[in-house]
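In what follows, a single structure is set out as structure tokens and then discussed.
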């Protein structure tokens with residue numbers, strides 16, 4: 001359901017979004033701010049990471065490039081567009097420079113960068129955490145987009161709940177970064193048009209938390225203790241094993257033994273105080289199990 005609802009939200013200004021600058025690099029020097037959106041590089045559209053990588057691949061360090069940037073929203077929620085000129089740095093020299101002159105360090109990343117295809121003169125904007133302005137919802141909508149093979153989409157859908165567990169922790173209890181949330185709008189579908197941007201965000205949040213809570217509850221139910229489902233599974237398994245190993249013991253005593261083993265050390269105090277009566281009943285020290293139960297209840301009410 002979440003993957004079906006996610007396409008109802010799209011980027012209001014398609015483009016790349018950066019998260020932070022590397023100090024003393026081109027982006028910072030040109031005045032590119034956190035979470036601003038750049039939509040064009042030298043007039044060529046840049047709607048996503050793939051287009052950004054392609055355009056940066058034909059540029060070289062030292063070149064001056066004009067970026068079209070969409071600013072943060074003002075007090076009225078409006079964004080303005082401006083152009084900034086960036087002098088590109090050298091990607092290879094940046095990573096080697098992190099070694100601070102240590103020759104052993106230079107050799108290690110140098111060899112690795114060569115294997116990665118990074119060479120002297122490669123263009124470097126100087127930003128980290130680059131992602132498209134709709135990446136928060138694209139992650140979910142891609143599962144049903146048909147972009148990937150069915151087997152890969154099915155595996156991705158199965159693993160998505162695991163990835164979702166950490167999202168509210170990373171984003172201070174939100175389903176996505178608030179800065180990226182402000183970059184979304186309702187798409188042109190019938191339901192998004194009817195609900196609007198606010199309604200689609202509410203629907204997305206509702207479905208996200210529905211999946212998130214149910215997935216955690218499912219995990220909790222696997223805990224091998226009563227009253228969780230996992231505890232009942234353990235109890236049934238123990239009962240089955242004891243029934244085979246203790247054919248001469250009364251079935252009710254086998255049931256009680258399985259109950260106590262499945263509860264382990266988490267017995268309430270009331271049962272703990274009456275544990276001696278249960279043990280006596282299990283091993284035949286009382287004439288009937290009913291008497292043991294009666295004495296246990298009596299001890300718990302003292």
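The values are calculated or read from the model by the stated rules, or taken from the named source; none is laboratory data. Quick caveat, the model's predicted, so the values are computed rather than measured. Here Cβ is always computed from backbone atoms with ideal geometry, including for glycine, and neighbour counts include all displayed protein chains.
Conditions first: (1) under 30 Å from residue 153 (Cα atoms); (2) touching a strand residue (DSSP E or B) at 6+ places or on another chain (Cβ under 6 Å). Residue 84 passes all but one, so which condition is the exception?
The single condition residue 84 does not satisfy is (1).
Here is a yes/no grid of residues against (1) without any contact (Cβ under 8 Å) to a residue 12 or more places away in the chain; (2) surrounded by 16 or more Cβ atoms within 10 Å (Cβ to Cβ); (3) outside any strand (DSSP E or B):
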{"position": "28", "(1), (2), (3)": "no, yes, yes"}
{"position": "34", "(1), (2), (3)": "no, no, yes"}
{"position": "47", "(1), (2), (3)": "no, yes, yes"}
{"position": "69", "(1), (2), (3)": "no, yes, no"}
{"position": "74", "(1), (2), (3)": "yes, no, yes"}
{"position": "95", "(1), (2), (3)": "no, yes, yes"}
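Considering 159, 155, which residue is over 25 Å from residue 36 (Cβ atoms), surrounded by 12 or more Cβ atoms within 10 Å (Cβ to Cβ), in the same structural domain as residue 202 (by TED's automatic domain parsing) and out of contact with any helix residue (DSSP H, G or I) (no Cβ under 8 Å at 6 or more places or on another chain)?
Exactly one residue qualifies, and that residue is 155.
In the range 53-67, which residues are modelled with pLDDT of 85 or more and outside any strand (DSSP E or B)?
Residues satisfying the conditions are 54, 55, 56, 57, 58, 59, 61, 62, 63.
Every residue, every condition in (1) modelled with pLDDT of 90 or more; (2) over 21 Å from the mean Cα position of the chain (by Cα); (3) farther than 30 Å from residue 29 by Cβ; (4) in a helix (DSSP H, G or I), yes or no:
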position	(1), (2), (3), (4)
140	no, no, yes, yes
143	no, no, yes, yes
146	no, yes, yes, no
153	no, no, yes, yes
174	yes, no, yes, no
192	yes, yes, yes, yes
205	yes, no, yes, yes
210	yes, no, yes, yes
